[in-house]
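Just so you know, all these numbers are worked out from the coordinates, no wet-lab data involved. Remember, it's a predicted structure, so these values are computed and weren't measured experimentally. All Cβ positions, even for glycine, are placed from backbone atoms using ideal geometry, and neighbour counts span all protein chains on display.
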Amino acid sequence: MINFRLILSIIGILLVILGLAMLIPAAVDLFVSDSDWQVFSAAAAVALFVGGGLFLSNRGAQLELGGRQAFILTTVAWIAMPAFAALPLTFSEMDISYTDAFFEAMSGLTTTGSTVLTGLDTAPPGILLWRALLQWLGGIGIIVMAIAILPLLRIGGMQLFRMESSDATAEKAMPRLTEIVKTIAYIYLFLSIVCAASLWAAGMTFFEAVAHTMTTISTAGFSTSDGSVGYFNSPLIESIIVVFMIMGALPFLMYLHLLQGKPGSFLTDSQVRWFLMIILIGIFIMVLWQMLEENLGFWLALRYATFNVTSIITGTGYATTDYNAWGGFAVTAFFFFMFIGGCAGSTSCGIKVFRFQVLAQTVRCQLMQLIRPSGIYRPEYNKRPLGEDTISAVMSYIFLFLLTFAVLTICLSLTGLDFITAISSAGTAIANVGPGLGDVVGPSGSFQSLPDTAKWLMALGMLLGRLELFTVLVLFSRRFWQR
């Protein structure tokens, strides 16, 4: 039987945390005498009241989270949080509709980075900080989900990254997972502090450095300016952000291994090597393209390619220039870049590198089997043979990802969007990247002009992509709800 009291209790705790977080931009707005402090205070009171009520009325629930409860909790949490996080945006000075506010909040918490807001250069500081804070909180939430929840639920091949041994009981596994999650949270905070100090030293104001740190380490992409990182026009700032975008897209368990005195983990992990190789190949191709077709000098081409390719592959979504103007090949390349994503156990998004590895290994073995039918070939990951359940889970995920992307594209086109806008909006939503392609939703545009129906569809796409599809879609199965 599903323990709904435990689910409601945990949702209550999350809403209390969200309400307390709202007090931070409230304090900033109060400090600069901006009237939005009242909006954030009122929204915080609502979140604290509802969250506190849910927790107190269900605190006697049995503390045992089963598989079905985990599916429900994960999905409901990622719907309830943006629903309440949207309140300050709705009633702020920016005066946007609840649809736009929910879109922005969902984009923030899922670390997508797509925005409906313009005029960010003159926006109240509380709003800018709240958007950044949502992405920072979403980033740590995604790491926790990828390490502690998805491997246990065996979602999309994530069982490869289970922390406990196969014979460990839940009672033994959970304390260890709790300790690991706590340590990784400290690592996340430490990297954030180092990034903020670096950006501040590089020329950003303290506020800009903090805001961009939150959206860099979470590979999320909200900026304090309509011009994104291109507003600063600083190679040093761009270089720092590139480093921390990559760090955010690496497996956070690798940082834990570093603390345990195992520095070789980064070099021996095939996923990390594939990820870095893909970025280098993408940069190399884009540098050549700009030099040959755009007549740019090597250093300028390298600067533009390094930042924008890294930003899109990691799913951060920052931009320093409008790569739509680089020509058809560049636009096509960036379209495929957005689906790659970073490593499992990171803040990044997309299909993720390890699934491409499993796919490549499976295809290689199939080809070898055709060439030598008498041979025995088995796909491997990190020099370990892959089980049939893992291969099946990865193949199913990739198929469902592409199917969902196609359906979402068709649905968006039915709202009146042109093909480029529809297909890139669907891609950027389900891959949680940020900017799309074309003049409307490209890096120099926003999603503000899209019809409300399209925004709700994209919010659904962000949720599906962030929660690895199966986590949400399994709830629509009748058998899931049967005893």
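Could you pull out every whole DSSP H run in the chain that spans at least 24 Å of Cα extent along its own axis and averages 0.5 or higher on the Kyte-Doolittle scale?
4-31, 36-58, 67-90, 125-144, 170-201, 270-293, 353-371, 388-414
Assuming 0.692 mPa s and 37 °C, estimate D for the range 1-147 with Stokes-Einstein, Rh taken as the Kirkwood radius over Cα pairs, in µm²/s.
D = 209 µm²/s.
Multiplying the sequence separation of Leu370 and Asp452 by 0.36 nm and subtracting their Cα-Cα distance, what value in nm do you get?
24.5 nm
Need one number: nm distance between label points at Leu403 and Leu236, each 7 Å from Cα along Cα→Cβ, rounded to one decimal.
Label at Leu403, label at Leu236, 5.3 nm between them.
Post the alpha-carbon centroid distance, the range 294-313 to the range 455-473, in whole angstrom.
Cα centroid to Cα centroid, the span is 31 Å.
For a test of understanding, tell me how many lysine pairs in the chain have Cα atoms under 30 Å apart, given they are 8 or more places apart or on different chains.
For the chain, qualifying lysine pairs total 11.
Given the -39500 (n - 2.57) contribution per DSSP H run of 4+ residues, what per-residue ellipticity at 222 nm results for the chain, rounded to the nearest 500 deg cm²/dmol?
Result for the chain, helices only: -21500 deg cm²/dmol.
Out of Leu370, Val272, Gly52, whose Cα points farthest toward the positive end of the dipole of the chain (charges: +1 Lys, Arg; -1 Asp, Glu; placed on Cβ)?
Leu370
Report the far tail of the P(r) of the chain, meaning the percent of Cα-Cα pairs longer than 32 Å.
Everything past 32 Å amounts to 39 percent.
Go through 249-257, 411-419 and give me the packing order, highest mean Cβ count within 10 Å leading.
The most tightly packed comes first, giving 249-257, 411-419.
So, with +1 on the Cβ of K and R and -1 on the Cβ of D and E, and no other charges, what is the size of the charge dipole of the range 46-130 about its Cα centre, to the nearest 20 debye?
Result for the range 46-130 is approximately 460 debye, rounded to the nearest 20.
Amide H to amide H under 5 Å from Glu380: which residues, 5+ apart in sequence or cross-chain, H placed 1.01 Å off N in plane?
Those qualifying (amide H under 5 Å, at least 5 residues apart or on another chain) are Leu386.
Counting Lys and Arg as +1 and Asp and Glu as -1, each charge on the Cβ, what is the dipole of the chain about the Cα centre in debye, to the nearest 20?
The dipole magnitude comes to about 2080 debye.
Using the per-residue mean of other Cβ atoms lying within 10 Å as a proxy for protection, in what order, highest first, do the peptides 261-267, 108-114, 437-443 fall?
Highest mean packing first, the order is 108-114, 437-443, 261-267.
Calculated FRET efficiency, Phe4 and Glu93, Cβ-Cβ r, R0 45 Å, to nearest 0.05?
Result of the calculation: an efficiency of 0.70.
For Tyr186 and Phe336 in one chain, what is 0.36 nm times their gap in residues minus the Cα-Cα distance, to one decimal in nm?
50.6 nm
Quick check on packing: order 321-333, 93-105 by the mean number of other C-beta atoms within 10 Å, highest mean leading.
Highest-to-lowest ranking by the protection proxy: 93-105, 321-333.
Could you check how many percent of all C-alpha pairs in the range 385-481 are farther apart than 22 Å?
34
When averaged across all projection directions, what area in nm² does the alpha-carbon convex hull of the range 262-343 cover?
5.7
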